[in-house]
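Encoded as structure tokens, the structure appears first; notes follow it.
Bear in mind these aren't lab numbers, they're just calculated from the coordinates by the rules spelled out. Since this is a predicted model, take the numbers as computed values, not measurements. All Cβ positions, even for glycine, are placed from backbone atoms using ideal geometry, and neighbour counts span all protein chains on display.
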Amino acid sequence: MQIEWQPQFNGTGDPIYVQIVESLQRDRENGRLSAGERLPTQRGLAKTLGIGIGTVTRAFAEAERRGLINSHVGRGAFVSGAHEIEDSSDAWSGPIDLSLNTPPTQTARQRISLEMAALVNDPELLSLLGMVPTAGLDRHRKVLAGWVRDRHGIAGTHWEQLLVTTGAQHALSLALRSTRSGSEPVLVEETTFFGFRAAAEQLGIPLVPIAMDRDGALPAALADAAQRSGAKVVYLQPTLHNPTTRIMPTARRAAIADVLRDRNLTLIEGDVYGALARYDAGGRMPNPIANLVPERTWFVSGLSKSIAPGLRVGMLLAPDGAGIERAAAHFRADSYSAGAIGPAIGVRMIENGSAIRLLDDIVRHASARTTLACDLLSPWIEKPRTLATLHVWLPRPELEAERLYSHAMREGILLTPPAALSTADGSPTGIRLCLNGPRSMTALEHALGVITQALRTTPTSATRNIV
């Protein structure tokens, strides 16, 4: 006789109904449950587990909302198909957005809602509603400094040099204003994060591109650009570079650090994806450059890519006390301080371990989507060095990239404009494909299929010669 499915509780302290849902998801993904398999009745499962039927009912409702199961009156509940895990419907309405580089939020909703509910009854809430110091509450800064140390690999992180900001984008802006003076330009990789370009443009800062290869910024190009331009500040993304996903190897990071010392340059190191990459690699990732030249590095990260995009919690780690005071002065002029509610939720999740469990969920979901993208687009994309990336890079000549962008728009697929990612004429161009915006794998597969078909039918040279 077949033994009916029973959930495997993880002992995390999450509510029982949440553990039932997560066990369902794990068993669906590891093959212990198959698509179409019938689940025990709610009453039968409650009796087997020795819990109230209301708990099981709540678990099944949440599992159906996530698309893990389908319920039919009079027939029972059944495991959904493979493409229904993230969204219970194969249909979608409106454009499919591949332009926003966000993590999957399906599991974040449940975990964060639990933290918000707990916060309502927490005695700490009253203090969170008042004004907080510009750098953030000391307790929050200590916990977030530990996260930067453990999840981003920054050795010797001191909480008093950490400023809690309203997201990593805000931290970048503060770092820019705190590190340069006058009309000095800033050095950047020749293909770079649009958000940094936007911050520089708002401040009237000219950008000087640094040539790259598959290992990231070239040390000789950095030294040459610094000498020619007189720039004293450089912005780099050594880990999961946006948009190319490149990861700078250890030897290259050491060579870059040597140039920073030799040319007396200050580094702004962007590392918003570092927690994902390190988690996927079991911590075995090259050292952040900040570890090699801590005295001249401003390190920027946040929780938006590793927990949820709406949790606007950024971390700016300054090289010394004087630096944090400069950044705090700019912060006070902007908005005085970040609100304490968002950091409080992030800190609670770090302390109780749910942030790590959510990071695991994000890496698992993102890896599945990256695998799909690699399978469909392998002849064209630059293969990422880790599956725990939220986007992939499709290098294309400028005109072809613009054509593909326009074609995708006509087909209802939103992409980042290619020109937004280049810093100068002649810089490498291409399309960044953000994989976690679509609610379902089915929608993502459709969008990538449209792009694949367009790449296969790129006009021939003969067609291009027709006037």
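The table below gives the values:
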| item | result |
| --- | --- |
| Antiparallel %, DSSP beta bridges [both residues in the chain], to 5 | 55 |
| The stretch 296-359 and the stretch 115-129: distance between their alpha carbon centers, rounded to Å | 19 |
| Theoretical gain in end-to-end length, Arg75 to Asp425 [0.36 nm per residue, Cα-Cα removed] | 119.7 nm |
| Glu201-Lys47 FRET efficiency (beta carbon distance; Förster radius 45 Å; 0.05 resolution) | 0.10 |
| 0 to 90° range, to nearest 10: angle between helix 441-456 axis and the chain longest Cα axis | 50 |
| Helical mean residue ellipticity (222 nm; -39500 (n - 2.57) per DSSP H run of 4+; nearest 500) of the chain | -14000 deg cm²/dmol |
| Residue order, fewest to most beta carbons within 10 Å, for Met315, Met285 | Met285, Met315 |
| Sequence-distant residues sharing a close amide H with Ile268 (under 5 Å, placed H) | Val234, Tyr235, Leu236, Trp298 |
| Euclidean distance of C-alpha centroids, the stretch 171-210 and the stretch 380-441, integer Å | 22 |
| In degrees, nearest ten, helix 106-120 long axis to first principal axis of the chain (Cα) | 90 |
| Segment Phe9-Cys374, extension gain: residue separation times 0.36 nm, minus the distance between their alpha carbons | 128.0 nm |
| Other-chain or far-sequence residues with amide H under 5 Å of Arg246's (modelled H) | His241 |
| Crossing angle, helix 250-262 versus the chain [Cα axis fit, 0-90 degrees, rounded to tens] | 40 |
| Cα→Cβ-extended label distance, 7 Å offset, between Asp258 and Glu411, nm | 4.6 |
| Extension gain (nm, one decimal) between Leu126 and Arg456, 0.36 nm per residue minus Cα-Cα | 112.9 nm |
| Residues His330, His152, sorted so that the one with the fewest Cβ neighbours within 10 Å comes first | His330, His152 |
| Which of Leu119, Leu316 has the fewest Cβ neighbours within 10 Å, and the rest in rising order | Leu119, Leu316 |
| Given charges at beta-carbon only (K, R positive; D, E negative), |dipole| of the chain in Debye | 260 |
| Under 5 Å, built H, 5+ apart or other chain: amide partners of Ile154 | Arg149 |
| FRET efficiency for Arg403 and Asp215, using Cβ-Cβ distance with R0 set to 22 Å, rounded to 0.05 | 0.15 |
| Local electrostatic count, Thr386, Cβ distance below 12 Å [Lys/Arg +1, Asp/Glu -1] | +4 |
| Considering only the stretch 127-352, percent of DSSP beta bridges that pair antiparallel, nearest 5 | 40 |
| Cut-off 13 Å between beta-carbons: net charge of the residues surrounding Ser304, Lys and Arg +1, Asp and Glu -1 | +1 |
